[in-house]
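Some notes on the structure that comes next.
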Amino acid sequence: LQPAVSKLTDEERNTLLQPLLKNGWNLCPDQDACYREFDFNSFTSVMGFLTLVSFKAEKLDHHPEWTNKHTHVYMKWSTHDANGLTKRDISMMNYINSLKLDLK
Ligand code: HBI
């Protein structure tokens, strides 16, 4: 069990969240969460991507909400324990943005 984590401060939103919002991620209109949509070149690439994110999620004990249809993936990050965005979400989104993605 990880220690309690709290929502990002205004300063952290400027320094940690803003760069992600300029690199593919969006704020959800209805809650303190981020989402991104991906269109991959193949389902095999989707499988590889979701597998990598799954192992990272297990390592950090921080798990995605996602849907997949064919080569499309919708992914959302928030921290349920904090009812909003935390550094755990930042870590997962930065990990995802560090991957070389086989996108259309
Ligand atoms: N994943 N996105 C997300 N948010 C959480 O609050 C969360 C999680 N994965 C595991 C987890 N919390 C557990 O650490 C707690 O529910 C105990």
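The values are calculated or read from the model by the stated rules, or taken from the named source; none is laboratory data. Being a predicted model, the structure only gives us computed values, none of them experimental. Glycine gets a Cβ as well: all are built from the backbone with ideal geometry, and neighbour counts include every protein chain shown. Note: areas computed on protein heavy atoms with side chains; ligands, DNA, RNA excluded. Shrake-Rupley method; radii C 1.70, N 1.55, O 1.52, S 1.80 Å.
Descriptive notes on the structure:
- Filtered residue count, segment 70-99, keeping only those that are in a strand (DSSP E or B) and either more than 7 Å from the ligand (Cβ to nearest atom) or in contact (Cβ under 8 Å) with a residue 60 or more places away in the chain (or both): 7
- Of the residues making up segment 33-54, those that are open to solvent by 40 Å² or more (accessible area, probe 1.4 Å), in contact (Cβ under 8 Å) with a residue 40 or more places away in the chain and within 17 Å of the chain's Cα centre (by Cα) are 35, 39, 52.
- For segment 1-47, filtered to residues that are part of a loop (DSSP other than H, G, I, E, B) and hydroxyl-bearing (Ser, Thr, Tyr), the residue that is farthest from the ligand (Cβ to nearest atom) is 42.
- Of all residues in segment 48-60, those satisfying the criterion of being within 16 Å of the ligand (Cβ to nearest atom) and touching a helix residue (DSSP H, G or I) at 6+ places or on another chain (Cβ under 9 Å) are 53, 56, 57, 60.
- So residue 57, is it outside any helix (DSSP H, G or I), aliphatic (A, V, I, L, M) and open to solvent by less than 50 Å² (accessible area, probe 1.4 Å): no
- Test set (1) surrounded by 15 or more Cβ atoms within 10 Å (Cβ to Cβ); (2) within 10 Å of the chain's Cα centre (by Cα) - residue 97 fails condition number: (1)
- Tally of residues being of a type outside the set (Phe, Trp, Tyr) and closer than 20 Å to residue 19 by Cβ across segment 45-104: 27
- Yes/no for residue 63 being within 11 Å of the ligand (Cβ to nearest atom) and either closer than 28 Å to residue 104 by Cβ or out of contact with any helix residue (DSSP H, G or I) (no Cβ under 6 Å at 6 or more places or on another chain) (or both): yes
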